[in-house]
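The values are calculated or read from the model by the stated rules, or taken from the named source; none is laboratory data. The model shown is predicted, which means the values in this text are computed figures rather than measured ones. A quick note on method: Cβ atoms are made from the backbone with ideal geometry, for glycine too, and the neighbour counts reach across all protein chains shown.
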Amino acid sequence: MVKHWQQVALAVVSLMVIGLVAGTTHFERRVEKQKVLFYQLQLLRTSVQLFKVIHHRNPHSLEELVKIEYRFTEHEMPRKFLEFPPYNFEGKFVDPFGTLYSYDAKTGQIKSLSKGFQYW
């Protein structure tokens, strides 16, 4: 009888530990994705601003940041406004949570559509 209760107690403690580890891991991944989202938004917004300074207009789409190159001087190598875009497998711009970015070509505003991050 004592062994049975020990096994039950061990199973309960094991499940609690597994749940705690899984919860902590999930939380840490979410925090990391939030950090990546912050830096991606910063990078995308800076790229749009640079494009606007050089071409005196907003890009028509985020894809234009990857396609068009620029140089500050004739002797420089051409660069893209955005070198490493956050694409998904379909070639669309997505945030770290897998949600498409929203881009308004009229205002140049970029935002994430992931729940809880729309106003970043």
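For LEU82, are the conditions met, namely being touching a Leu at 6+ places or on another chain (Cβ under 7 Å), closer than 23 Å to SER102 by Cα and touching a residue at least 24 places away in the same chain (Cβ under 8 Å)?
yes
Which of the residues that make up the stretch 86-104 are under 21 Å from ARG30 (Cα atoms) and modelled with pLDDT of 90 or more?
Selection gives PHE93, VAL94, ASP95, PRO96, PHE97, GLY98, THR99, LEU100, TYR101, SER102.
Pick from the stretch 18-66 the residues that are of a type in the set (Gly, Ala, Ser) and part of a helix (DSSP H, G or I): which of them is nearest to GLY108 (Cα to Cα)?
Once the filter is applied, the top-ranked residue is SER47.
Only one of these conditions is not met by PHE27: (1) surrounded by 12 or more Cβ atoms within 10 Å (Cβ to Cβ); (2) without any contact (Cβ under 8 Å) to a residue 24 or more places away in the chain; (3) of a type in the set (Phe, Trp, Tyr). Which number is it?
Among (1) surrounded by 12 or more Cβ atoms within 10 Å (Cβ to Cβ); (2) without any contact (Cβ under 8 Å) to a residue 24 or more places away in the chain; (3) of a type in the set (Phe, Trp, Tyr), PHE27 violates only (1).
Go through the residues of the stretch 71-82 one by one and say whether even a single one is touching a Lys or Arg at 6+ places or on another chain (Cβ under 8 Å), surrounded by fewer than 11 Cβ atoms within 10 Å (Cβ to Cβ), hydrophobic (A, V, I, L, M, F, W, C) and not in a helix (DSSP H, G or I).
Yes, the stretch 71-82 contains at least one residue that is touching a Lys or Arg at 6+ places or on another chain (Cβ under 8 Å), surrounded by fewer than 11 Cβ atoms within 10 Å (Cβ to Cβ), hydrophobic (A, V, I, L, M, F, W, C) and not in a helix (DSSP H, G or I).
Any residue in the stretch 105-115 that is over 14 Å from GLN42 (Cβ atoms), among the β-branched types (Val, Ile, Thr) and modelled with pLDDT under 90?
No.
Could you go through the stretch 101-111 and let me know if any residue there is surrounded by 15 or more Cβ atoms within 10 Å (Cβ to Cβ) and part of a loop (DSSP other than H, G, I, E, B). Give the derivation first.
Initially, the stretch 101-111 is screened for residues surrounded by 15 or more Cβ atoms within 10 Å (Cβ to Cβ), giving 101, 103, 108, 110-111.
Filter once more, keeping what is part of a loop (DSSP other than H, G, I, E, B): 108.
Yes, the stretch 101-111 has at least one match.
What are the pairs with Cβ atoms under 9 angstrom where one residue, in the stretch 100-120, is without any contact (Cβ under 8 Å) to a residue 12 or more places away in the chain and the other, located anywhere, is of a type in the set (Lys, Arg)? Sequence gap at least six, or different chains.
What qualifies is SER102/LYS111; ASP104/LYS111; GLN109/ARG45; GLN118/LYS111; TYR119/LYS111.
Please work out which residue is nearest to PHE97 (Cα to Cα), limiting yourself to the stretch 1-32 and to residues that are β-branched (Val, Ile, Thr) and under 21 Å from the mean Cα position of the chain (by Cα).
Checking each candidate, the answer is VAL31.
The rows are residues; the columns are (1) in contact (Cβ under 8 Å) with a residue 24 or more places away in the chain; (2) surrounded by 10 or more Cβ atoms within 10 Å (Cβ to Cβ); (3) β-branched (Val, Ile, Thr).
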| site | (1), (2), (3) |
| --- | --- |
| VAL13 | no, yes, yes |
| MET16 | no, yes, no |
| GLN34 | yes, yes, no |
| LEU37 | yes, yes, no |
| GLN42 | no, yes, no |
| LEU50 | yes, yes, no |
| HIS55 | no, yes, no |
| GLU64 | no, yes, no |
